[in-house]
Amino acid sequence: MTPDRSTNPKEGNAAEDAQIGADAAEAKQADAGASAGGAAGEPEAAPKRRRGRRARKAEQAQPAAEQAGQPDAEQAGQPAAEQAARPEGESAAEPPAAEPAAAELPAGEAPTPERPRRPSAQRATDSAASPAPAQARARKAPAARRRRRVVRARARYVRTPARKARMVCLQLPGKSVAQARAILAFTPREAARDWSKLLESAVANAENNHELLEDDLIIREAYADEGPTIKRFRPRAMGRATPIQKRTSHLTITLTARPDPTRKS
């Protein structure tokens, strides 16, 4: 019987502590007996490991894979040899692919026979033996066109503006040498004298370097490009200076042989 705490609090606390100690001793004895029985009999079960996310996904996908791996009802009745011979991914219900039907032709018209395909080695040999497209076109071109040469003469740093030189040279393309000489001789411009000298130089190049006759030559191109500008200053009143721009140009003439009208191109 538990003593009255109200009459003697010290004795009540001692009895309560003794009861708690006895309960703890009984619990220790019970744990020791359980561990001894487990050691003598079956081994104690290992603690369960926590499954990861990948393990759970693999377990969920396993039933679906087993269902997919089961054969269909139609395939179950077929022999095992046919199922093994069927390629992977092909179903028994799919019929074999039918060959495309030939195009319908009008009555009385025979089908065009297919051209036999040459082996790849033979095609490579033929392509290597055949000439290049540019060479083939050059062979088909007329001999007169292949022999047409272009002779060029150029005068650089001519002391005349390119704008004034173009006023003279625009009349020359397409003219013969004799006609160009006449045009330049009667043109009342200072740049015509420079063009005349350049024309004579081009004719001399054609005769000496390319063995062409003067009567067979025509002017193909004649143009003037701008050159560097020489800058000077002129003194003016009240101590000022006025800039002067002395422009230059580069003149070019190209000659070619006249096409033969009797030859068919």
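If only one of Thr248, Thr229 is of a type in the set (Ser, Thr, Tyr) and touching a Phe, Trp or Tyr at 6+ places or on another chain (Cβ under 9 Å), which one is it?
Matching residue, one of Thr248, Thr229: Thr248.
If I filter segment 215-222 for residues that are over 51 Å from the mean Cα position of the chain (by Cα) and at negative phi, do I get at least one hit?
There is at least one residue in segment 215-222 that is over 51 Å from the mean Cα position of the chain (by Cα) and at negative phi.
Residues are listed down the side, and each one gets a yes or a no for (1) surrounded by fewer than 15 Cβ atoms within 10 Å (Cβ to Cβ); (2) closer than 17 Å to Cys169 by Cβ; (3) of a type in the set (Phe, Trp, Tyr):
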residue: Ile218; (1), (2), (3): no, yes, no
residue: Pro228; (1), (2), (3): yes, no, no
residue: Phe233; (1), (2), (3): yes, no, yes
residue: Ala237; (1), (2), (3): yes, no, no
residue: Thr254; (1), (2), (3): no, yes, no
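Does segment 168-209 hold any residues that are in contact with a helix residue (DSSP H, G or I) (Cβ under 9 Å, 6 or more places away or on another chain), loosely packed, with under 14 Cβ neighbours inside 10 Å and among the hydrophobic types (A, V, I, L, M, F, W, C), and which are they?
The answer is Ala178, Ala185, Phe186.
Do any residues in segment 224-242 that are at negative phi and free of Cβ contacts under 8 Å to residues at least 24 places away in the same chain have Cβ atoms under 8 Å from those of residues that are of a type in the set (Lys, Arg) and surrounded by fewer than 10 Cβ atoms within 10 Å (Cβ to Cβ), where the two are at least six apart or on different chains, and which pairs are they?
Note: pairs meeting the criteria are Ala241/Arg234; Thr242/Arg234; Thr242/Arg236.
Here is a list: Arg232, Arg236, Arg247, Arg258. Which entry is closer than 23 Å to Ser201 by Cα and basic (Lys, Arg)?
Among Arg232, Arg236, Arg247, Arg258, only Arg258 is closer than 23 Å to Ser201 by Cα and basic (Lys, Arg).
Would you confirm whether or not segment 233-243 contains a residue that is aromatic (Phe, Trp, Tyr) and either touching a helix residue (DSSP H, G or I) at 6+ places or on another chain (Cβ under 9 Å) or in a helix (DSSP H, G or I) (or both)?
no
Condition (residue is basic (Lys, Arg) and modelled with pLDDT of 95 or more) applied to segment 190-197: is it met by at least one residue?
Yes, some residue in segment 190-197 is basic (Lys, Arg) and modelled with pLDDT of 95 or more.
The values are calculated or read from the model by the stated rules, or taken from the named source; none is laboratory data. Values in this document were obtained by computation on a predicted structure and should not be read as measured data. Neighbour counts are summed over all protein chains in view; Cβ atoms, including those assigned to glycine, are modelled from backbone coordinates with ideal geometry.
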